[in-house]
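The values are calculated or read from the model by the stated rules, or taken from the named source; none is laboratory data. Predicted, not measured: the structure shown is a model, and the values here were computed from it. Cβ coordinates were reconstructed from backbone atoms using ideal geometry, including for glycine residues, and neighbour counts include every protein chain displayed. Only protein heavy atoms, including side chains, enter the accessible area calculation; ligands, DNA and RNA are left aside. Shrake-Rupley method; radii C 1.70, N 1.55, O 1.52, S 1.80 Å.
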Amino acid sequence: MADQSNAHSLPMVPASFFGIVLGLAGLGSNWRIAHAAWGLPAVVGELIYLAAGVSWLILVVLYGLKWLNAAQAAREEATHAIQCCFIGLVGVATMLVAAGALPYSRPLAVALYVLGALFTIWFGLWRTGLLWRGGRDAEATTPVLYLPLVAGGFVTGIVAAALGWLEIAELAFGMGFFTWLAVESVLLHRLYTAGPLPKPLRPTLGIQLAPPAVGATCYLAVGGAHSDLFAHMLIGYALLQALLQLRMLPWIMEQPFGASYWAFTFGATALAGAATRVAMDAPTGIFTWLAPVLFVASNVVVLTIAAGTVVHLFKGKLLPKPVPAATDK
């Protein structure tokens, strides 16, 4: 009988594709906040969260099948100096989907959160333990180092606060915040002193906006969304990172568009969401006009990248080559 494996070929989805879920969930959260702040249609945020949930489910299935049908490629990704850190997004994306599900089913949200948090902590400890052994090439130091424990810690705190588990949220904020400070010093030293990032890695600089922006979101969630000096400081540093990214965008875009550009979306949506929360708590001053500007900008960023992703998908330029499904011998 002829080999039928090609009839069952599967796309070899990289872990970095879970960044799509982060961008969509961040935008969905912004629309929920915008509904509370400005009375914008609530259904928009729910539909975007639905898209995030569907994307998450598809990616979980495909990534799981990758480990079954292309285990060698999956192991190589897990041990790669740069690509490995994207695996941490699996847990982060799961917790964000839990936040989307919370208004509809608390048990489902709790189950997803626990799974996502446990995976995040396990992977973060595993990967950081390897990093602490040393021997790492400085050229492999990129903003993806933030993903396992910085993004993981802050999102663990954000969703824990939404579930009402404030002590867990406070512990998670500390985990994310101090890891961010430590990793940022290492990363900036590399950017200042080592060779320029190769073109394929330049879009990872989009992640640089996320720590202060997502950190501000986590801080506001833990503190009951009360505006104060520290919240303003975090947002101020996030604004600086956003301006730096705009300044460097021509250099970054020497790398042709691809799924890697989703790296810009989570930080952009988190910055807009944090600014809107501050504007709601203190409805006077600079945040009253800054929040709507950032909200519009975050929509432009996510929708532009989403449109480009769909175009690339239909052109067959988005996904790596399919991997033949495993067959019985």
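Odds and ends about this structure:
This table checks each residue for (1) within 28 Å of H189 (Cβ to Cβ); (2) open to solvent by 60 Å² or more (accessible area, probe 1.4 Å).
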residue	(1), (2)
H80	yes, yes
L102	no, no
S105	no, no
A111	no, no
G134	yes, no
V144	yes, no
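- Residue within the stretch 76-98 that is more than 20 Å from the chain's Cα centre (by Cα) and in a helix (DSSP H, G or I) present: yes
- Of all residues in the stretch 114-159 being part of a helix (DSSP H, G or I) and of a type in the set (S, T, N, Q), the one that is farthest from A221 (Cα to Cα): T128
- Failed item in (1) in contact (Cβ under 8 Å) with a residue 24 or more places away in the chain; (2) over 12 Å from P14 (Cα atoms), with P107 passing the rest: (1)
- Subset of the stretch 291-321 that is outside any helix (DSSP H, G or I) and among the hydrophobic types (A, V, I, L, M, F, W, C) - its residue that is nearest to W31 (Cα to Cα): L318
- Scope the stretch 69-78; condition closer than 19 Å to F123 by Cα and aliphatic (A, V, I, L, M); matching residues: A71, A73, A74, A78
- Within the span defined as the stretch 61-72, every residue fails to be out of contact with any Asp or Glu (no Cβ under 9 Å at 6 or more places or on another chain), within 30 Å of H226 (Cα to Cα) and open to solvent by 10 Å² or more (accessible area, probe 1.4 Å).
- Taking residues in the stretch 34-55 that are under 15 Å from L24 (Cα atoms), and partners anywhere that are among the basic types (K, R), the pairs with Cβ atoms closer than 9 Å and at least 6 places apart or on different chains are G45/R32; E46/R32; Y49/R32.
- Condition check for F178: among the aromatic types (F, W, Y) and more than 14 Å from the chain's Cα centre (by Cα): yes
- So L96, is it closer than 19 Å to W180 by Cβ, open to solvent by 50 Å² or more (accessible area, probe 1.4 Å) and not charged (D, E, K, R): no
- Wholly within the stretch 162-271, helices (runs of 4 or more DSSP H) carrying at least 3 residues that are surrounded by fewer than 17 Cβ atoms within 10 Å (Cβ to Cβ): 166-193, 229-252
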